[in-house]
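The structure under discussion appears below in the form of structure tokens.
Values quoted throughout were computed directly from the atomic coordinates according to the rules given, and no laboratory measurement underlies them. Just so we're clear, the structure is a prediction, and the values are computed from it rather than from any experiment. For neighbour counting, all protein chains shown are included, and Cβ atoms are generated from backbone atoms with ideal geometry for every residue, glycine included.
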Amino acid sequence: GRRAAEEAQREEQRAAAAARNAAQAEAERREKEAADKRAEEEKAKQRAKAAEKKAVRKEGKAKNKEAKKATPAFKLEEERRAKAAAEVRAQEERAAQLAAEQESARRAEREAAELAGAAERAALREDAELAEALRRSEVDAEEALARRVSRCEEAVSSESTGGGGDLVRRVERLEASLGTATEGSLEERVGAIERLIGPEAAEAAEQHLPVTEPFAAVSLADAGLDTGRPAAPESTMGGER
């Protein structure tokens, strides 16, 4: 159970890390788009300046040509002003478009930063929840193991420590009482003690029934242990089941 919880925690952490990486990649992508947009805006400005210079040169050539044709001066001035006004309008439109694109890029950058922050906060919350769930699972497992040790103590000696004391020392005392020792984890050692005691005594302890000495002696003898007492008659084993 604990390994499964730890594996689940690692899996959630990997998923949270993937979410953070995805959010970071999205933020970087949007930042690159904004940088590309700014570069394109700069190019547009340069093109506009070049077009303006070209228009000025073209206007000068046209003016010279018209002058050669003896075009009235007022008409040349009128045409120049019309071209200048059209160019101003075009420049204003380009400036407004660039401003809108810049605002859109800034908004995209803000949204990407907010997404990354939200992903980070969600990952921290998930980590905390998983750690708390793992802690509760460990506490529940330890309490369940303590109850099993108490039932074994009641089955062996008709008395228990009441669930107190160090579990390792209590298990060692049980193993010493039964004359056995099992390699493995504490839970595996408790399971071996339960199998040694036998289902009858374990069930009696689970139901909180008093386990008499003859009952315990017979159960231990059934498990292949020499208790030093004669086997009890059938009538002391709780009758027919």
Two pseudo-spin positions, 7 Å from Cα along C-beta at ALA95 and at GLU7, lie apart in nanometres by 6.6 nm
Give me a comma-separated list of calculated 3J(HN,Hα) values for segment 173-186, in order, Karplus coefficients 6.51, -1.76, 1.60 applied at θ = phi - 60°, integers in Hz, x for any Gly or Pro.
5, 4, 5, 5, 5, 8, x, 9, 8, 10, 7, x, 6, 4
FRET efficiency, ARG106 to GLU187 (Cβ-Cβ, R0 51 Å, nearest 0.05)
0.30
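Determine, for each peptide in 42-51, 29-38, the mean count of other beta carbons within 10 angstrom over its residues, then list the peptides with the highest first. Intermediate values should be presented prior to the final figure.
Values: 42-51: 12.1, 29-38: 14.2.
Taking the mean over residues of other Cβ atoms within 10 Å, the ranking is 29-38, 42-51.
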Mind putting a number on the dipole of segment 2-141 about its Cα centre? Charges go on the C-beta only, +1 for Lys and Arg and -1 for Asp and Glu, and I need it in Debye to the nearest 20.
1940 debye
So if R0 is 41 Å, what FRET efficiency would ALA39 and ARG14 give, r being the distance between their Cβ atoms, rounded to the nearest 0.05?
0.65
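Using 0.36 nm per residue, how much length does the chain from ARG121 to ARG29 gain when fully extended, once their Cα-Cα distance is taken away? Please report the intermediate quantities before stating the final value.
Working: separation 92, 0.36 × 92 = 33.12 nm, distance 2.11 nm.
Extra length available between ARG121 and ARG29 comes to 31.0 nm.
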